[in-house]
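Scroll down for the structure; my scribbles are underneath it.
FYI, it's all coordinate maths here, none of it is from the lab. In this text the structure is predicted, and so the values were computed from the model without any measurement. With ideal geometry, Cβ positions are generated from the backbone for all residues, glycine too; neighbour counts draw on all protein chains shown.
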Amino acid sequence: MLKISERLIQVAELVPKGSRLIDVGTDHGYVPIWLLQNGRIPSAIAMDVNKGPLMRAEENRDRYGFTDVMELRLSNGLEKVKPGEGDAVLIAGMGGPLMIRIIEEGRENAGGVSSWVLQPQSEIPSVRRYLIEHGFRIVQEIMLKDEGKYYMAMCAVPGESEPWKDIEYLFGKYLLEQQHPVLAEFIEKEWRLYEKIQTQLTETNQTETARYQEVKAYLCALEQAKTYNQQTL
Ligand code: SAM
């Protein structure tokens, strides 16, 4: 059996069971292979813009015996997909701006896809905002820590959504509502770090700088996140 990281397991588990998966930026192909091995999906199209990763995915696919049900495609984003070919798209381990571009340019090609599983590595608030302002509803969010690093991932479906508050874009509405333990740990850690930074800036007479204002605003957001449920009651 293929062993994959905790990050990849938790992201893979967001893919609805029974979906024909389209994995964009598959690299090693581990997620589709793991999902196939566990009987969670019937088939996958694994795509990557680079030949090297796609060759790695091909080797792994053949080693684990999924040649018939896992197709490989060299594709920039969703360029080489046609409507109706998949039920779920997965995009993981990429920066938020690239992810947004892939969704924006490729969503027509992905017609018929009912679930978008996304794990952005950066600019996560921009991804949430993009989804909500462009005809998606976020239906599930997770946060996890793997080898000391924090990750957030989500599942979105096509549909209209009420706008979220800034704090919800920043930390995730459902994560805040649940008081997710990993989010709570992250907020405490950030709080301690940014309080130290604020003290240092104060001690070095930098209270009039843009950096100080940024730090102050972030600390205020962290405070809001800590008391989120009390504010929305
Ligand atoms: N999805 C895997 C994961 O989460 O572990 C691999 C992430 S890896 C860091 C990013 C992969 O995305 C690389 O294999 C890279 O070649 C691919 N990639 C980058 N830009 C892409 C694009 N525009 N379209 C498809 N694949 C892309």
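The calculated FRET efficiency for Thr227 paired with Asn38, based on their beta-carbon distance and R0 = 41 Å, is about 0.55. Look at the alpha carbon pairs under 8 Å that are at least 6 residues apart: their mean separation over the length of the chain gives a relative contact order of 14 percent. For a Förster distance of 41 Å, can you work out the FRET efficiency between the beta-carbons of Lys80 and Met1, rounded to the nearest 0.05? In this case the efficiency is close to 0.85. Computed extension gain for Asp62 through Glu13, at 0.36 nm per residue and net of the alpha carbon distance, reaches 15.4 nm.
Checked against a 27 Å cut-off, the cross-linked pairs Lys149/Lys216; Lys17/Lys80; Lys17/Lys82; Lys145/Lys226; Lys51/Lys145 give Cα-Cα distances beyond that limit for Lys51/Lys145. Extending 7 Å from the Cα toward the beta-carbon at both Glu71 and Thr207 defines two label points whose distance is 6.4 nm.
Taking 20 Å as the straight-line reach from the Cα of Lys3, the aspartates and glutamates in range (excluding those fewer than 8 positions away in the same chain) are Glu13, Asp23, Asp27, Glu58, Glu59, Asp62, Asp146, Glu147. Calculated [222 nm] ellipticity per residue, helices only, for the chain: -13500 deg cm²/dmol; basis is -39500 (n - 2.57) per DSSP H run with n ≥ 4, divided by all residues, nearest 500. For Val81, the shell of other residues with beta-carbons less than 14 Å away shows a net charge of -3, using +1 for Lys and Arg and -1 for Asp and Glu.
Rounded to the nearest 10 degrees, the inclination of helix 51-63 to the longest alpha-carbon principal axis of the chain is 60 degrees. In terms of the mean number of neighbouring beta-carbon atoms within 10 Å, the peptides 199-211, 73-85 order highest first as 73-85, 199-211. Put simply, the amide H of Gly93, placed in the peptide plane, has neighbours under 5 Å in Gln119, Gln121, leaving out anything fewer than 5 places away on its chain. Extending 7 Å from Cα along the Cβ direction at Glu214 and again at Ala184 yields two label points whose distance is 3.0 nm.
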